[in-house]
2 protein chains.
Amino acid sequence: MSENYSQMWTELGLNLKSHEKLLDVLGQAYRDIFLAQKNRPEGMQYFDFVMSEIHGLRVKELLDAKKHDRIVVGAFCTFVPEELILAVDGICIGLCTGAEYGFDEAEKYLPRNTCALIKSIFGFKLGKVCPYIESVDLLVGENTCDGKKKAYEILGTLHDKLYIMDMPQMKSDDGRNLLKAEYKKFQTKLEAISKKKINSENLKKSIKIVNNKRKAVQRLNMLRTAEPTPISGLDALLINQVYFYDDPIRYTNAVNKICDELENRIANNVGVFPEKTPRILISGCPMAVPNWKIPMIVENAHAVIVGEESCIGERGTQNLVDDSKDSVAELLEGIVDRYFKIDCAIFTPNPSRLDHILHMAKDYKADGVLHYCLQFCQPYQIESGIVENALEDVNIPVLRINTDYSQEDTGQIRTRVEAFIERISS
Amino acid sequence: MSENYSQMWTELGLNLKSHEKLLDVLGQAYRDIFLAQKNRPEGMQYFDFVMSEIHGLRVKELLDAKKHDRIVVGAFCTFVPEELILAVDGICIGLCTGAEYGFDEAEKYLPRNTCALIKSIFGFKLGKVCPYIESVDLLVGENTCDGKKKAYEILGTLHDKLYIMDMPQMKSDDGRNLLKAEYKKFQTKLEAISKKKINSENLKKSIKIVNNKRKAVQRLNMLRTAEPTPISGLDALLINQVYFYDDPIRYTNAVNKICDELENRIANNVGVFPEKTPRILISGCPMAVPNWKIPMIVENAHAVIVGEESCIGERGTQNLVDDSKDSVAELLEGIVDRYFKIDCAIFTPNPSRLDHILHMAKDYKADGVLHYCLQFCQPYQIESGIVENALEDVNIPVLRINTDYSQEDTGQIRTRVEAFIERISS
């Protein structure tokens, strides 16, 4: 960290001692997992810097923005429309939910068989180690899965800025109406707390900013179809993770810059791994910072991850919002259209996700699919059988991994992953 | 069973051998648990008979009705409005989901950490031992919890009559609109398959029938407030379970008849257990036939269950539909109003459930509340902490039990229940 942020963290109410320990562990993990990689693109230096300052400089930026009357909105889900937040000159931050931290405390509030992602929200809050959750003017919970929906009732007793966004469960007309009504309520809420009005001009501008961010990531994804692949799955995942934290314009520039570099690599047939390295598509639950366990195992076992069918990945970044219209109402329709296409397993049925996985497996020339589930995540766990059947019908090998954030099953998973790589290589 | 139904079961496609074994086990359990009780009201003979013929005579009645062009609709949830089914002269059957049957087969389709109730649906279907699920013209699945919602996608590949009813997650205006839209779609579906139209006359008549059924059970509940209580919790639960199977008018008469008897008992100060027997309110997940494990443990430990805050219990039978209006549209509004009040844990937030539990604990003079959860039922498990806090705030002792349908933890639960009874008796 380039500066001493102790005062800032103290003012945010963090537990400095616990927080320092956490940063030490994460810093070491980052060095071991990311910095130890070979053949990294130079453009990753930007993301390394962002990560090194993730609890420092970026938080300072947020607090500075707040001093200039900008609001900071925290979110746990890709269904929260960043466009509306930017339109009131707010900042949208995806809150990290990827570490086994404070689970003992979390389990005083939640059943043990709650997924690690939800326990992580509570662990970070209760342990007072997340500067973001302490900085927000609004914390958006969404009724996606049962676990989150019910856990937010309890989180509301621990955090006074919690706002609940309802969610549909089916992609019907009534479902779309419900989502649209919720986005309108969200607009009203944002306007109230920011004291700024959404108009067609600021909304259109915001839509373009977020579209450009998505286009940059989509460009990155396209480059990963190359053989040999010019970037590791770990680094690509990191870029997808930083998507939720960074200033969107600065981020877009950084992603486009690394894409220029990757295009050069491809033109020169330079890969990050040797040619013929087995190519794996990851599909399933999101991997939030610092949940790097499975990609680390896969790439240490000499396969490469070529795509993420995940909320932190293509499920979250595919599809743009129509920015061609001129009224707030029409632009909002475009936003609803775009977000309503997200094929999260909370929807029933969810056939477009199957189509997407099949397309991704083909486009990224995947030799196999690793379906990743958090334990006790019922939507993705139940859907994993459906996914497996759809992939096996077209002879794409599938490995289903159910795990949590602990390291205890690393050895067992490594054995299964190595066997899977062996199988798809032969 | 008074008749040989082998031919009927064969024609329904049941596996006769497995089915016979199942009936043997259930018959033995019924004798051990229900018939072995002392001081049972005479009126229970009717329910004993219904249970003895539950796969026989009642199924024959359904098949006879089908021959006379009446439809049979199967449901898994109290959100399915029986009034609409009766209005097209149909029969509504709550499908039994209370036994650990065929779980090995079920787990080929569902994750192991799916709740026992959902596995039971699959086990009965895959094992070909449920005459009801094989008899229905329509099988209604509802998007209540994640487990059911996603499991129905798979059940649809095993049962060709499955119909999905969407559900709201919040008690907002938009939530109510969604439920109303679903009930209208359901009306259209029922009219299509029954070839009968719902009009104000048949709907009003149906509402009265179901209201009368509810009133009879509510009357039974009221009588359980007496000290000493005139009926065991096991028998009262059984009456609540038969609610979902029996002809509604016949059932209503039988419940009212036993209520007459219980009123006499109360007048003569006759109880089923000695005076001062500790009184326990059960709250939580539904206990479907033949899930009698917890009440058996409680009442064998010399406490009495005085009420069930459960879908198979007061959560499912409280509140009547307004039958004073004269148009189909108005009557439907009344139906939506009534069902939208059901305080299932799938709703967020769900404060009326807390109010209801507190009221029940007071009305039934409960010495303690046993909160019962099926393992992996996230909505009720997460809500159980909220319930416990609300009860402890007013000094009502709570015992939280998480279990499934197996008998393996019976000893452990018995020990905890006995300690709890000891605690609330002193």
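Any read-out appearing in this document is the output of simple, stated calculations on the displayed coordinates, not a laboratory observation. Because the structure is predicted, anything quoted here is derived from the model rather than measured. Cβ coordinates were reconstructed from backbone atoms using ideal geometry, including for glycine residues, and neighbour counts include every protein chain displayed.
In percent, how large is the relative contact order of chain A, given Cα pairs closer than 8 Å and 6 or more residues apart?
17 percent.
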Check: A:Arg423 label points, 7 Å along Cα→Cβ, one per copy: pairwise distances from this copy to the rest in nm, shortest first?
Finding: 4.8
Margin query: For the range A:206-278 and the range B:301-361, what is the centre-to-centre distance using only Cα atoms, to the nearest Å?
Written below: 53
Notebook entry, point to check: Under the rule of -39500 (n - 2.57) per DSSP H run of 4 or more residues, summed and divided by the residues of chain A, what mean residue ellipticity at 222 nm is obtained, to the nearest 500 deg cm²/dmol?
Noted result: -16000 deg cm²/dmol
Check: Shielding of B:385-398 by partners, i.e. mean partner chain Cβ atoms within 10 Å per residue?
Finding: 1
Margin query: Taking the Cα centre as origin and putting +1 on Lys and Arg beta-carbons and -1 on Asp and Glu beta-carbons, what dipole magnitude results for the protein assembly as shown, to the nearest 20 debye?
Written below: 640
Checklist line | Other copies of A:Glu263: label-to-label distances in nm, shortest first, labels 7 Å along the beta-carbon direction | finding: 8.7
Notebook entry, point to check: Under 21 Å Cα-Cα from A:Lys276, which lysines qualify once same-chain neighbours fewer than 8 residues away are excluded?
Noted result: A:Lys38, A:Lys362, A:Lys365
Notebook entry, point to check: Nearest beta-carbon of B to the rotation axis carrying it onto A: which residue, how many whole Å?
Noted result: B:Asp146, 2
Notebook entry, point to check: For the range A:375-426, rounded, prolate or oblate, judged on the Cα gyration tensor with a ≥ b ≥ c (square roots of eigenvalues), a/c < 1.5 rounded, else prolate if a/b > b/c?
Noted result: oblate
Check: Cα centroid distance between the range B:100-128 and the range B:33-79, in Å?
Finding: 23
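Per-residue Cβ counts within 10 Å, from other chains only, averaged over B:150-156: what number is that?
5
Thinking of the range B:18-113 as a set of Cα atoms, what percent of all their pairs are more than 21 Å apart? Write down the numbers at each step before the final one.
Numbers: 2432 of 4560 pairs.
Considering the range B:18-113, 53 percent of its Cα-Cα pairs are separated by more than 21 Å.
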Note to self: Among A:Cys115, A:Ile198, A:Tyr132, which residue has its Cα furthest toward the positive end of the charge dipole of the range A:6-198, with +1 on Lys/Arg Cβ and -1 on Asp/Glu Cβ?
What the structure shows: A:Ile198
Note to self: Given an 8 Å cut-off on Cα distances and at least 6 residues of separation, report the relative contact order of the range B:6-198 as a percent.
What the structure shows: 22
Note to self: What number results when the radius of gyration of the protein assembly as shown, computed over Cα atoms, is divided by 2.2 N^0.38 Å?
What the structure shows: 1.01
Margin query: Check which residues have an amide H placed less than 5 Å from A:Ile91's amide H, if you skip close sequence neighbours.
Written below: A:Ile71, A:Val72, A:Val73
Notebook entry, point to check: Just counting partner chain Cβ atoms within 10 Å, what average do the residues of peptide A:169-181 show around their Cβ?
Noted result: 4
Notebook entry, point to check: Say a label goes 7 Å from Cα toward Cβ at A:Ala192 in every copy; what distances in nm does this one have to the rest, shortest first?
Noted result: 4.1
Margin query: For a quick check: sort B:Thr144, A:Thr225, B:Thr114 by the number of other beta carbons within 10 angstrom, fewest at the front.
Written below: A:Thr225, B:Thr144, B:Thr114
